[in-house]
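**Student:** Okay, handing you the structure first.
The values are calculated or read from the model by the stated rules, or taken from the named source; none is laboratory data. Worth saying up front: this structure is predicted, and the values here are computed from it rather than measured. Cβ coordinates were reconstructed from backbone atoms using ideal geometry, including for glycine residues, and neighbour counts include every protein chain displayed. Each accessible area value is taken on the protein alone, full model and side chains, heavy atoms only, with ligands, DNA and RNA left out. Shrake-Rupley method; radii C 1.70, N 1.55, O 1.52, S 1.80 Å.
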Amino acid sequence: MTAGWSAGRVGVVGRIVAGDELGKFVRVDALPGEPPSYLVLLAYDREFRRGCGDYWVEDLASVGQFFAEGEWAVEWLSSGSFKAL
């Protein structure tokens, strides 16, 4: 399924199919703390071993803004957590 961002996608791997960073894999991870902040992880491979980078965002609304600014369309590859892949 190709879509943008939704809060239910935390920990899910996707591939960017349109927008900035086209072709890279993306995953959003929650950081510990209350309230949590988030890391948007990017890489050239789905295991996040090649060409990795990350961006910190303050909250879930900011994650949505980050995706919108990059004009990302994402093909989400799983509905479970990254560890389940």
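**Student:** Considering only protein heavy atoms, with the full assembly of protein chains and a 1.4 angstrom probe, order E34, E58 by accessible area, largest first.
**Tutor:** E34, E58
**Student:** Compute the relative contact order of the chain as a whole-number percentage, counting only Cα pairs closer than 8 Å that sit 6 or more residues apart in sequence.
**Tutor:** It comes to 39 percent, rounded to a whole number.
**Student:** Using only Cα positions of the chain, each an equal point scatterer, no hydration layer, compute I(q)/I(0) via Debye at q = 0.15, 0.24 Å⁻¹ and quote the log10 values to two decimals.
**Tutor:** The computed values of log10 I(q)/I(0) come out as -0.47, -1.28.
**Student:** Exposed loop trypsin sites (Lys or Arg not before Pro) only (DSSP loop, at most 14 other Cβ atoms within 10 Å): please give the longest stretch of the chain free of them, not including the sites.
**Tutor:** In short, 1-48.
**Student:** Same structure, new question: With each run of n ≥ 4 DSSP H residues scored as -39500 (n - 2.57), what mean residue ellipticity at 222 nm is computed for the chain after dividing by its residue count and rounding to the nearest 500 deg cm²/dmol?
**Tutor:** On the way: 1 runs with 10 residues, N = 85.
My calculation for the chain gives -3500 deg cm²/dmol from helical runs alone.
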